[in-house]
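Here is the structure we will look at, set down as structure tokens.
Rule-based calculations on the coordinates, nothing more; no lab input. Because the structure is predicted, anything quoted here is derived from the model rather than measured. For neighbour counting, all protein chains shown are included, and Cβ atoms are generated from backbone atoms with ideal geometry for every residue, glycine included.
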């Protein structure tokens, strides 16, 4: 019979191994208490890019994975290989300029929710099934999660590190998106976009 002390040591060892990725399936739950406010959502459901990939691969038939970046981002930076749909939250507005951010302003996609509804229906899923949203680094997708939560979606997850990841705060990579994210984690992506999954303005 296993003693309490031995059991505690075994559990501690398993936890340590899980952190090293040597004992799959026992990883401790992520602590989202320090998550940036701009990445927080009303449902409070979050995944890292690695979590999102693993979940989608195991639950592909019951999960809708949506990239909410602009068409230009996918066109020039590539897309994930497990995406079910591309539905931009915003578009680049080439008629207006954002002086503060030194870039074109963004125009809201007025059809965002209806397009997500259509993608969900196409896959035979409902608003209580798992929906995973990803943008560049987790802020736009957080806003998108809230929009869906407001219309009755109950299991919408925000990929908190997004496709490109967060900016490094120090060293030679300071200011570059090298910290985390889909691409930096070595997860599968491609420059060769599949037309069937891309968004077209109607």
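The table below lists the values:
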{"read-out": "In nm, spacing of pseudo-spin labels at residue 32 and residue 118 (7 Å Cα→C-beta vector)", "value": "2.9 nm"}
{"read-out": "Burial ranking of peptide ranges 133-139, 158-164 (average Cβ count within 10 Å, highest at the top)", "value": "158-164, 133-139"}
{"read-out": "Pairwise label distance in nanometres, residue 107 with residue 93, each label 7 Å out on the Cα-Cβ vector", "value": "0.8 nm"}
{"read-out": "Segment residue 100-residue 202, length gained on full extension (0.36 nm per residue, minus Cα span)", "value": "33.6 nm"}
{"read-out": "Rounded Å value of the spacing that divides the Cα centres of segment 44-73 and segment 120-184", "value": "7 Å"}
{"read-out": "Percentage relative contact order, segment 31-197, counting C-alpha pairs under 8 Å, at least six apart", "value": "29 percent"}
